[in-house]
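Bear in mind these aren't lab numbers, they're just calculated from the coordinates by the rules spelled out. These numbers come from a predicted model, not from an experiment. Here the Cβ positions follow ideal geometry from the backbone for every residue, glycine too, while neighbour counts run over all protein chains shown.
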Amino acid sequence: MCSNCQTHDHAHSHTHTHHHGHAHSHDHSQVDFEKHNREWYDSNATKHINVKIFQDLSEQVSQALVKQGCFDKENTVVLDYACGPGAVTVLVTPHVKQVVGVDISQGSVDAFNSRAKELGFSQERMQAVRIDSNNVSDQLNGQTYDVVMCNLAYHHFESIDTITSTLASLVKPGGVLLVSDFSAPFNTMTDDHSLDNVVAHKHGFSESRIRSLFESVGLTEVTYDDCIHIEVEPYKMDVFIAKGFKPKN
C-alpha cells in the first residue's frame, strides 16, 4: 500500500500558538502529562474548534497530509492517534475508506463522534474510541493500519520515543506513519506556564530529531516537510509533516 506516496484534534485546543521541543524548560519528573491532558481535553475538547486560526491550521494540515499521496478512497484504512475532536480528521476522511480515531480523552472522543455524525459520516467510515496509552495494540485487538497519523499532538506526549514506537507498531508492513507538529525553533509558548502540566514540549521538533525517531523504530524513506506557515498576531506557527514507511518484510 502507499506505493504511490510522494517522497517528499488535537488540532490544537490551546489558545497559544503551539509548542514543542525536546528541550524542556521545566522539570517533568513529577508531572503526569497523560492525566493532565485527559482532564484538560475532557473539559475543553471543543473550546477552540470554531476559532479561525485553528480552523485554518486544521485545513492546511489536512491538505498537506493529502498531498503526501498516501490516501486511497477505496482502500486506505487510517488510524488517527490522539485524534482530539476530529478537526483534521473530518477533512481527511473524504479521501480514505475509513478512519478510526483513538484518544485518551472521552470528551474528545464524544466530540469526534458527534462531529462525524453531524457531517453525515457513518460509524463504519469515521468513529473514535477511548483508549489508555498502555498496551494500545491489545486495546485495538492487534489491528494494524495502512496509515497511522498523529496530528499536532506530539508536544503533549511526555516521551516521544515511546509514542513513536507505539505508532510504528500499529502500521501495517508496507504502510506509512504520518506525524504533524510544530517545527523547531518554536518559541510562542515558552513563557506560558499555565500549560506546564499539559504541554511537555514547548520548543518544536527539529528534522534531525524526528528523522532519528522514525529511523530508530525501523521506518524507512523518512521525510520531513516543513510546509505550513501561519502568522496571525499574536500567533506564529510553522508545522511539519513527517513521513516514514514500514518495510514490507
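Do any of 52/172; 97/117; 52/73 go past 25 Å between their Cα atoms, and which?
From the list (52/172; 97/117; 52/73), the Cα-Cα distance tops 25 Å for 52/172; 52/73.
Taking K and R as +1 and D and E as -1, what net charge do the other residues with C-beta under 14 Å from the C-beta of residue 221 add up to?
Values: positive: 211, 243, 246, 248; negative: 215, 225.
My count for the surroundings of residue 221 gives +2.
Peptides 102-115, 84-97, 132-145, 162-175: what's the order by average Cβ count within 10 Å, highest mean first? Could the numbers behind the result be given before it?
Working: 102-115: 22.1, 84-97: 23.9, 132-145: 13.2, 162-175: 18.6.
For the peptides 102-115, 84-97, 132-145, 162-175, the packing ranking is 84-97, 102-115, 162-175, 132-145.
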